[in-house]
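The values are calculated or read from the model by the stated rules, or taken from the named source; none is laboratory data. Note that the structure is predicted; figures quoted are calculated from it, not measured. For neighbour counting, all protein chains shown are included, and Cβ atoms are generated from backbone atoms with ideal geometry for every residue, glycine included. Side chains are part of the model used for accessible areas, which takes the heavy atoms of the whole protein and leaves out ligands, DNA and RNA. Shrake-Rupley method; radii C 1.70, N 1.55, O 1.52, S 1.80 Å.
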Amino acid sequence: MNGVHSIVLRAVLAFGLSFALWSFVSFSENPEETARFEDLTLQVVGLRDDLIIVDANGIPTTTFPNVDVTLRTDRRQRSELRPVDIRVVADLSGLGPGDHVVPLNVQPTRSNLSFSVPANGVEPPTIDIRLEPLVTLTVPIRLEIVGSPPFSFERGTPELRSNGELITNVSVSGPQSRVIRVSAARTVANINQLRATYNAPLTLTPIDANNLPVEGVQVKPASITVIIPINPVVGLRLVPVSPIIIGSPAPGYLVSNVVVDPPLITLTGSSGPLDAINLLQTEAIDISDARETVVRIVPLIIPIGTSPAQGEPNAVQVTITIMPIPMPFQARLPVEVTLSGLGGDLQASVRPNVIEMTFAGTTDQLTALAATPLVVQLDLTNLGPGTYQFAVRPLLPGGVSIVGDPPEVTVTVVPIPTPTPTPEPEPSPEVEPTPTPDAG
């Protein structure tokens with residue numbers, strides 16, 4: 001029995017010595033090193049749909065401090081490690097309303113990357129987050145009318161419309177502490193000295209009980225159409241033209257402006273039919289799936305019992321401006337620049353090889369964009385030696401755009417140096433042996 005025990009002990013000892021030797025050799029060939037990355041963009045994940053992040057004043061915010069990170073890894077991985085290989089995350093999963101101190105975690109963006117974070121390796125190690133319930137309330141619209149029409153004209157009853165439908169209330173959404181302060185949505189119409197019906201899109205401003213604007217909330221709809229009839233006493237009537245627009249622009253686009261030329265038409269007729277007219281409509285203009293400005297000349301629909309005054313047209317030109325929907329959120333992310341297509345006798349370098357760019361899109365789009373490293377490959381095919389400037393334009397998913405002009409990088413192309421041949425040493429001259437004289 002003692003013999004078996006002795007054999008087991010020797011086997012364990014041999015294994016331990018082998019492992020120690022292997023660890024020593026591996027560490028000597030690939031020792032551990034540290035890497036520091038500064039001003040990394042913080043990503044917030046796990047936020048509940050019914051909560052919103054606010055600042056100390058209760059205003060919604062998406063601005064967070066940049067983070068400095070120190071990592072510990074082996075020399076081989078350290079030489080390949082780039083800022084795009086890691087991300088710093090603040091996970092809000094499971095957090096409810098209130099103030100929270102959220103730890104920051106460092107995660108690799110590549111599955112084949114391994115590292116550790118030493119103590120005090122994340123600066124700052126935590127961030128303060130305030131969460132508030134995201135609520136929606138309904139408030140009335142308050143229309144303020146400024147000015148009066150001229151003599152012989154009178155003001156009729158105003159109409160408030162959204163998408164052609166009469167409207168008296170709007171919804172207000174945002175942080176609970178902000179939304180509960182909103183008492184109404186105000187807009188102002190100036191009809192001073194108008195001789196025709198007032199018809200204009202107006203923006204709504206959320207206000208509190210003291211008639212002061214409330215920041216940090218969203219009003220839906222954000223604007224309405226206000227129609228205020230301005231009626232002449234008898235005879236002639238100057239009527240605004242309101243084009244009929246059907247269909248919707250392509251996804252991601254909206255109607256930003258509608259211009260009618262001429263905007264007013266003078267009608268003649270008896271007082272009865274004229275009094276019933278607040279505006280002139282056109283034949284329908286279809287803007288389905290439009291991605292650019294639409295210009296049409298369309299006939300007017302003249303009400304029965306009236307006609308255009310002498311010299312007035314029967315048709316108008318309508319210009320409908322179509323533009324992309326502006327994105328509400330922005331994020332600054334790193335983009336790595338790589339090179340391809342260079343000739344075999346050339347070599348190139350790019351400065352900088354990692355740049356930060358600001359992108360616009362929805363929260364979900366920007367979160368998905370940040371989850372995958374962004375890489376731009378520059379094609380150097382047919383380029384000779386020299387210095388070149390390239391605009392960096394990464395391939396982006398639909399709905400995401402670059403904020404501002406694309407940044408530029410400098411690419412330097414030079415020939416690969418030809419190695420200088422080493423001359424072979426000349427053979428040393430042979431030395432003739434000196435004869436030794438005989439001793440005799």
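Quick one: putting +1 on the C-beta of Lys and Arg, -1 on the C-beta of Asp and Glu, what dipole do you get for the range 245-319 around its Cα centre, in Debye to the nearest 20?
With only Lys, Arg, Asp and Glu charged at Cβ, the dipole is about 40 debye.
Over the chain, what is the relative contact order in whole percent, taking alpha-carbon pairs under 8 Å and six or more residues apart?
Once normalised by length, the contact order is 10 percent.
If packing is taken as the average number of other Cβ atoms within 10 Å across a peptide's residues, how do 81-88, 163-170, 348-355, 316-323 rank, most packed first?
81-88, 316-323, 348-355, 163-170
Considering only DSSP beta bridges where both residues belong to the chain, give the percentage that are antiparallel (nearest 5).
That works out to approximately 85 percent antiparallel.
Give me the net charge of residue 376's neighbourhood, meaning all other residues with Cβ under 9 Å from the Cβ of residue 376; Lys, Arg count +1, Asp, Glu -1.
Cβ neighbours under 9 Å give a net charge of 0.
Averaged across orientations, what area in nm² does the convex hull of the alpha carbons in the range 296-418 project?
The number I arrive at for the range 296-418 is 14.2 nm².
Expected output is a single nm value to one decimal: the length gained when fully extending between residue 275 and residue 244, i.e. 0.36 nm times separation in residues minus the C-alpha distance. What is it?
9.0 nm
What would the Debye formula give as log10 I(q)/I(0) at q = 0.11, 0.13, 0.27 Å⁻¹ for the alpha-carbon point model of the range 201-281, no solvent?
Summing over Cα pairs of the range 201-281 leads to -0.51, -0.66, -1.34.
Could you please report the charge total around residue 206, scoring K, R as +1 and D, E as -1 over all other residues with beta-carbon less than 13 angstrom from its beta-carbon?
Around residue 206, the surrounding residues sum to +3.
Hey, what's the Cα Rg ratio for the chain versus the globular rule of thumb, 2.2 N^0.38 Å?
Rounded to two decimals, the normalised Rg is 1.69.
Using bins 10 angstrom wide from zero, how does P(r) for the range 25-175 break down, in % of all Cα pairs?
It works out to 9, 25, 19, 15, 11, 9, 6, 3, 1, 0, 0, in whole percents.
Taking the Cβ of residue 66 as the centre, find all other residues whose Cβ is under 14 Å away and add up their charges (Lys, Arg: +1; Asp, Glu: -1).
Here the count lands on -2.
Given a 1.4 Å probe, how much area per residue of the range 148-264 is accessible, in Å²?
52 Å²
When the convex hull of the Cα atoms of the range 119-238 is projected onto a plane and the area is averaged over all directions, what value comes out in nm²?
Reported value for the Cα convex hull: 11.0 nm².
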